[in-house]
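The next block holds one structure in the form of structure tokens; read it before the comments.
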Amino acid sequence: MTSSSLPGAPFLAYREQHLFIEELNLQALAKTHGTPLFVYSKAAMLHALAAYQRGFAGRKAKVHYAMKANSSLGVLQVFAQAGCGFDIVSAGELARVLAAGGRASDVIFSGVGKTRSEMQTALQAGISCFNVESEPELDVLSEVAVAMGKVAPVSIRVNPNVDPKTHPYISTGLKGNKFGIAHERTLQAYQHAASLPGLKVVGIDCHIGSQITTSEPYIDALDKVLDLVEQIEAAGIPIHHLDFGGGLGIDYNGDTPPAADTLWKKLLARLDERGFGDRQLMIEPGRSLVGNAGVCLSEVQFIKPGEQKNFCIIDAAMNDLPRPAMYEAFHQIVPLTLTDASSQVYDVVGPVCESGDWIGRDRALNVQSGDTLAVLSAGAYCMSMASNYNTRGRPAEVLVDGAKAHVIRQRETVADQMRSESLF
């Protein structure tokens, strides 16, 4: 295995057989902070962001980090300091943005089920825009805004019925998905929004899915959205910004999604062709900014031979790394120290009492009890979806900046978990 074959290279690399993230030895971090342990590279995050910034050079554009991918305060701080806005899906996420130094005026509020209380919180804070996902939501948001003496800036999320060719659980732009307003009803929805006293139409939004690895779905969705913009503006409703969501994939197992700047070169060319190149643009990348920036370190507890399978039982589990159990997702699993010894094939599994508690199947590893493994591409949709199932504390998190390691989350204790509970 070469360093260049690792997702996250060059910020994740073997040096004299030992795996490093930026300037720090991962084995030393595991020894200092224990396992399971999430470790993130700040340089990798900023490198991923720079690709989008190159793609948008000279354009009126704003990157809003889709924080559901990883909402840890230290991660949010990196993007706030880099000048990003944020895409949120709850009032809790808004509170995290503000705690991390982000500005409410740089926040877009997405999601299909915003409550009245969340609408009130966001209006009071002064967010940039609500991405509205249904016609009933338009009515409720207008009522809430009028009652507060405010006007809510809105963008309607369009469901363009475009297949992103990804896992069905993370596809969001097809007719059968719960997200957005049907392409065929968009004009009527905008006319209704423009008639409501508590709303101001400011843009249009489209997000078709996640882990997309080709540019064609984006082109298809863009053309459908621009067709709609022409119809909406012909009806006398100006559209000030175009929001094309996120969804760009990362390398989990030799995946080859287009680079962000390459993708946006194509999309901007199409925008220019159709006369929309001077519009304010917004995008909401999440996974592509943080996914390959993170690893999860885990210690091997037992090697368990079996008649049909050999099992490598580690101390990380489905509550720490939910993606394999949820999506049958693939993560590379590598040793922290390379050796020339022969490998055996194992299913890498956790200690949780579920057959679905597996991290990787049929992996060739040279491993024994006490070794530490790295689960790669773990920066997105791992810690943000972690749970306390089996009363397991969530792992600690470390953010690496060159040769410095910052603990951005302490390991959760049983006392932490029970603090809000009581006996009757």
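The values are calculated or read from the model by the stated rules, or taken from the named source; none is laboratory data. Computed from a predicted model, the values in this text were never measured in an experiment. Quick reminder, even Gly has a Cβ in these numbers, built from the backbone with ideal geometry, and neighbours come from all protein chains shown.
Observations on the structure shown:
- In segment 84-97, of all residues being over 14 Å from L289 (Cα atoms) and of a type outside the set (V, I, T), the one that is surrounded by the fewest Cβ atoms within 10 Å (Cβ to Cβ) corresponds to G92.
- Selected residue (criterion: farthest from G74 (Cα to Cα)) from residues of segment 400-424 that are surrounded by 10 or more Cβ atoms within 10 Å (Cβ to Cβ), free of Cβ contacts under 8 Å to residues at least 60 places away in the same chain and among the aliphatic types (A, V, I, L, M): M418
- Checking the stated criteria, K68 turns out to be touching a Gly at 6+ places or on another chain (Cβ under 7 Å), in a helix (DSSP H, G or I), modelled with pLDDT of 95 or more and among the basic types (K, R).
- Only one of M282, M326, M318 that is under 25 Å from L248 (Cα atoms) and at pLDDT below 95: M326
- Looking at K31, K60, just one residue is touching a strand residue (DSSP E or B) at 6+ places or on another chain (Cβ under 6 Å), surrounded by fewer than 21 Cβ atoms within 10 Å (Cβ to Cβ) and more than 25 Å from F330 (Cβ to Cβ), and that residue is K60.
- Options A50, A100: the member that is surrounded by fewer than 20 Cβ atoms within 10 Å (Cβ to Cβ) and over 18 Å from Q332 (Cβ atoms): A50
- Residue ID - surrounded by the most Cβ atoms within 10 Å (Cβ to Cβ), chosen from residues in segment 229-265 that are in contact with a helix residue (DSSP H, G or I) (Cβ under 6 Å, 6 or more places away or on another chain) and aliphatic (A, V, I, L, M): L248
- The condition of being out of contact with any strand residue (DSSP E or B) (no Cβ under 6 Å at 6 or more places or on another chain) and either of a type in the set (G, A, S) or under 30 Å from M45 (Cα atoms) (or both) holds for S387.
- Any chance E22 is over 22 Å from G101 (Cα atoms), surrounded by 19 or more Cβ atoms within 10 Å (Cβ to Cβ) and of a type in the set (D, E): yes
- If you filter segment 202-220 down to residues that are touching a residue at least 60 places away in the same chain (Cβ under 8 Å) and under 24 Å from F109 (Cα atoms), you find that the one that is surrounded by the fewest Cβ atoms within 10 Å (Cβ to Cβ) is V202.
- Any hit, segment 290-299, residues being among the acidic types (D, E), closer than 29 Å to I408 by Cβ, surrounded by fewer than 23 Cβ atoms within 10 Å (Cβ to Cβ) and in contact (Cβ under 8 Å) with a residue 24 or more places away in the chain: yes
- Candidates A50, A95, A80, A44, filtered to the one that is over 19 Å from A380 (Cα atoms), assigned to a helix (DSSP H, G or I) and aliphatic (A, V, I, L, M): A95
- When residues in segment 52-67 are screened for being closer than 14 Å to V290 by Cβ and touching a helix residue (DSSP H, G or I) at 6+ places or on another chain (Cβ under 6 Å), 4 of them pass.
- Tally, over segment 362-393, of residues that are over 22 Å from G8 (Cβ atoms) and either touching a residue at least 60 places away in the same chain (Cβ under 8 Å) or of a type in the set (K, R) (or both): 8
- Of the helices (runs of 4 or more DSSP H) entirely within segment 163-275, those holding at least 1 residues that are more than 23 Å from P153 (Cβ to Cβ), of a type in the set (D, E, K, R) and modelled with pLDDT of 95 or more occupy 260-273.
- Scoring E354 on the criteria (1) under 13 Å from Y389 (Cβ atoms); (2) touching a Cys at 6+ places or on another chain (Cβ under 7 Å); (3) free of Cβ contacts under 8 Å to residues at least 60 places away in the same chain leaves a single failure, condition (2).
- Residue match in segment 309-318 (condition: among the acidic types (D, E) and either under 20 Å from A44 (Cα atoms) or not in a loop (DSSP other than H, G, I, E, B) (or both)): no
- Pairs where the first residue, in segment 229-242, is more than 17 Å from H183 (Cβ to Cβ) and the second is polar (S, T, N, Q), C-beta under 8 Å, 6+ apart: H240/Q280; H241/S155; H241/Q280
- Filter pass, G277 being small (G, A, S) and not assigned by TED's automatic domain parsing to the domain that holds D371: yes
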